[in-house]
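The structure appears right after this line, and notes come after that.
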Amino acid sequence: MAATKKENYQIYVKQIEALSKVASLITSGLYLEELLRLIVQVTAEVTNSKISSLMLLDPEKRELMVRATQSISEAYNKKPNIKLGQGIAGIVAKTNKAICVPDVRVDERYLSRDIAKIEGLCSLACVPLVVKSRVIGVLNCYTSRKHKFSAQEMDLLTALANQAAIAIENAELDLRARSAEEALTTRKLVERSKDILSQEANISPTEAYRLIQKQSMDSRKTMRDVAEAIILAKEIKNKPR
């Protein structure tokens, strides 16, 4: 009895540590791809799953795509996208309800039964990633042997998925903010370089802009790179000798 209590305590501690790790990712500032990899690694460790994967939903295409997995299986990692409402993951994403499958190799709802047989996948727990009642993806956990996921295990996976969803949402918001800032900075640099080129070459601002565009295409560099080169050349020219 003492050994069982000790084992239960160790499992409990491991679960708390996993939740803490994922919770800490919420404000980590990590880039999305790195964040997704850490989430599946933590999930695989705490659940002892053969494969843990994370699929994100493209709301425009209404498709789920595998974005992260700790699996080294090339066949699994290259699984085709899943339409919303199709397959286990698609059903979970559409209904916002977790699904447990005793054996994916024989369940007709599971779309990649051939891959499951090759990779030795058996039971699956698939839980939705939800932010403010909006499903953004699913978290999958596979076992190599038939396994009945307990209520406690599903509670843990749901908690991990909820924390992960918030972290992903924050990372995507941060990415959009960075992209907007990058676009604004680029626009300012191009405007400044356009004015310099217009004055130096005695051409109109429109012609200067077209020259920058052409140089960008010819040199296969970004507009920002070309603009920065023009500005730097002007600064060097005006530098006191």
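Readers should treat all values here as calculations from the given coordinates under stated rules, not as data from a laboratory. No experiment lies behind these values; they were computed from the predicted model shown.
Structure notes:
- Restraint check, Lys132/Lys221; Lys94/Lys117; Lys94/Lys221; Lys188/Lys237, Cα-Cα greater than 32 Å: Lys132/Lys221; Lys94/Lys221
- Each residue of the stretch 118-131 was assigned a 3J(HN,Hα) from its phi angle through the Karplus curve 6.51 cos²θ - 1.76 cosθ + 1.60 (θ = phi - 60°); the sequence is 5, 8, x, 8, 10, 7, 9, 10, 10, 10, x, 9, 10, 10 Hz, with glycine and proline shown as x.
- Relative frequency of Cα-Cα separations exceeding 29 Å in the stretch 28-181, percent: 11
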